[in-house]
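Shown next, in structure tokens, is the structure this report addresses.
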Amino acid sequence: MRKGAKRKRSQKEEEAAPAPAPAPAPDNHKTTESTKPPTRAKRVKASKPESEPEYFEDQRNLEDLWKQIFPVGTEWDQLDKVYGFNWNFSNLENAFEEGGVLHGKTVYLFGCTEPQLVPFKGDNILIYIPAVVAIVSPFPPSDKIGIKSVQREVEEIIPMKQMKMDWVPYIPLEDRESRVDRLRHQIFILSCTQRRAALKHLKIDRIKKYEYCLPYFYNPLQEDELEQSTEVQIIFPAEPKPVFCEFDWELDELQEFIDKLIQEEELSEDQKDAFKEFVKEKVREAKKANREAKEARRKALEEMSEGTRQAIENQKFYKFYPVQTPDTPDISNVKASFINRYYGKAHEVL
């Protein structure tokens, strides 16, 4: 092959190859996209109108006093109903202010409730009205609780602590940031540490005891009701039902008393002899208790100092009911001076 033939063939192939396409002309009307994010227009915040300042009433220094006091003798399942109304005890709070009946005095407080049918919003409703009893005394009026009911044949007088109750100092709101040991306590309240949540672990009889509790008070300067009483409560275990009655050994003649029970079909004929002996035994027990009570009072008077005697003579009982408000029932017609069978009547009802 001659030189140059290959070169000529390559030249011819190059001439036969298609020419590259021309570059497109730039479109001057096309918008160029920017890589920068678009700028948002700033939103102008509307100015809020200035709100009126809120005012809250200051808590009163003794505002929660009545709620801290245990309402002795109230059924556990009724406690929520007691606190269901917004009761106002400002009269109790004011009593500790200058000019009040409790101002500057050492005071012991316990609570109670009184079920009453009262008018409220057009209806008569049964409510548990709370009341607070204040005892002005330089020392605790008692460290005992009485347990008594119609169903319980025997009255018990036991230490408060057996029922998890005790007198404890009340600390006013303004002093709760202070050290307790530096405070001079003048208000003591009856408190109970029994938790409601733990009631399910107690026996029924133990729970019922709380419902029959009464703050106990004994004044050796006065003859006790027990010393004067000539009545005995009789609960005779007869069949088909027990016999409930009261027998007065000074006013009732026993045989006539029994005959009347048989006539009224409260006692069967074949049980009359057993019933007679039962009543005689109860009378003997009651007379013995009367003698022991008189002897205990005589001994207490002999051992009493003159200072203690004067303090007991100067003790005062005040009973506070809630103040009438539009949110609470009208209780003005059911207020009573009677406290309980141990304390008797209050010197003043407020």
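The values are calculated or read from the model by the stated rules, or taken from the named source; none is laboratory data. Predicted model, so just to flag it, every value in this text is computed and none were measured. Every residue, glycine as well, gets a Cβ built from its backbone with ideal geometry; the counts of neighbours run over all protein chains shown.
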>> Tell me whether segment 101-112 contains one or more residues that are at pLDDT below 90, touching a Leu at 6+ places or on another chain (Cβ under 8 Å) and under 13 Å from residue 189 (Cβ atoms).
In response: no
> Of all the residues that make up segment 233-252, how many are within 20 Å of residue 293 (Cβ to Cβ) and at pLDDT 85 or above?
Replying inline: 5
>> Exactly one condition in (1) surrounded by 11 or more Cβ atoms within 10 Å (Cβ to Cβ); (2) more than 18 Å from residue 294 (Cβ to Cβ); (3) not hydrophobic (A, V, I, L, M, F, W, C) is false for residue 220; which is it?
In response: (2)
> What residue, of 299, 335, 319, 272, is part of a helix (DSSP H, G or I) and surrounded by 14 or more Cβ atoms within 10 Å (Cβ to Cβ)?
Replying inline: 272
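Residue 346: among the small types (Gly, Ala, Ser), modelled with pLDDT of 90 or more and within 24 Å of residue 136 (Cβ to Cβ), yes or no? Steps first, answer last, please.
Details: among the small types (Gly, Ala, Ser): yes; modelled with pLDDT of 90 or more: yes; within 24 Å of residue 136 (Cβ to Cβ): yes.
Yes.
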>> Residue under question is residue 87, and the condition is that it be closer than 21 Å to residue 312 by Cα, under 21 Å from the mean Cα position of the chain (by Cα) and not small (Gly, Ala, Ser); does it hold?
In response: no
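When the residues of segment 189-207 are narrowed to those that are surrounded by 10 or more Cβ atoms within 10 Å (Cβ to Cβ) and of a type in the set (A, V, I, L, M), which ends up farthest from residue 71 (Cα to Cα)? Spell out how you get there, then give the answer.
Filtering segment 189-207 for residues surrounded by 10 or more Cβ atoms within 10 Å (Cβ to Cβ) gives 189-194, 196, 199, 202, 206-207.
Next, only the ones that are of a type in the set (A, V, I, L, M) stay: 189-190, 199, 202, 207.
On the way: 189: 11, 190: 9, 199: 17, 202: 20, 207: 15 Å.
Here the answer is 202.
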>> Pairs please, first residue from segment 154-167 and closer than 16 Å to residue 71 by Cα and surrounded by 15 or more Cβ atoms within 10 Å (Cβ to Cβ), second anywhere and of a type in the set (Phe, Trp, Tyr) and modelled with pLDDT under 90, Cβ atoms under 7 Å, 6+ apart in sequence or on different chains.
In response: 163/210; 165/70
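Suppose we filter segment 229-249 for residues that are of a type in the set (Val, Ile, Thr) and either touching a Pro at 6+ places or on another chain (Cβ under 8 Å) or surrounded by fewer than 16 Cβ atoms within 10 Å (Cβ to Cβ) (or both); how many remain?
Looking only at segment 229-249, we keep the residues that are of a type in the set (Val, Ile, Thr), and these are 230, 232, 234-235, 243.
Next cut, either touching a Pro at 6+ places or on another chain (Cβ under 8 Å) or surrounded by fewer than 16 Cβ atoms within 10 Å (Cβ to Cβ) (or both) only: 230, 235.
Qualifying residue count, segment 229-249: 2.
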>> Any residue in segment 339-350 that is in the same structural domain as residue 131 (by TED's automatic domain parsing) and in a loop (DSSP other than H, G, I, E, B) sitting within a Cβ distance under 7 Å of a residue that is acidic (Asp, Glu) and modelled with pLDDT under 90? List the pairs, counting only those 6 or more apart or interchain.
In response: 341/225
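Would you call residue 113 assigned to a loop (DSSP other than H, G, I, E, B), in contact with a Phe, Trp or Tyr (Cβ under 7 Å, 6 or more places away or on another chain) and either within 28 Å of residue 61 (Cα to Cα) or of a type outside the set (A, V, I, L, M, F, W, C) (or both)?
Numbers: assigned to a loop (DSSP other than H, G, I, E, B): no; in contact with a Phe, Trp or Tyr (Cβ under 7 Å, 6 or more places away or on another chain): yes; either within 28 Å of residue 61 (Cα to Cα) or of a type outside the set (A, V, I, L, M, F, W, C) (or both): yes.
For residue 113, the condition - assigned to a loop (DSSP other than H, G, I, E, B), in contact with a Phe, Trp or Tyr (Cβ under 7 Å, 6 or more places away or on another chain) and either within 28 Å of residue 61 (Cα to Cα) or of a type outside the set (A, V, I, L, M, F, W, C) (or both) - is not met.
If a residue has to be in contact with a helix residue (DSSP H, G or I) (Cβ under 8 Å, 6 or more places away or on another chain) and modelled with pLDDT of 90 or more to count, how many in segment 116-138 make the cut? Write out each step before concluding.
Kept after step one, since they are in contact with a helix residue (DSSP H, G or I) (Cβ under 8 Å, 6 or more places away or on another chain), are these residues of segment 116-138: 127-128, 130, 132, 134, 137-138.
Pick out the ones that are also modelled with pLDDT of 90 or more and you get 128, 130, 132, 134, 137-138.
Of the residues in that region, 6 qualify.
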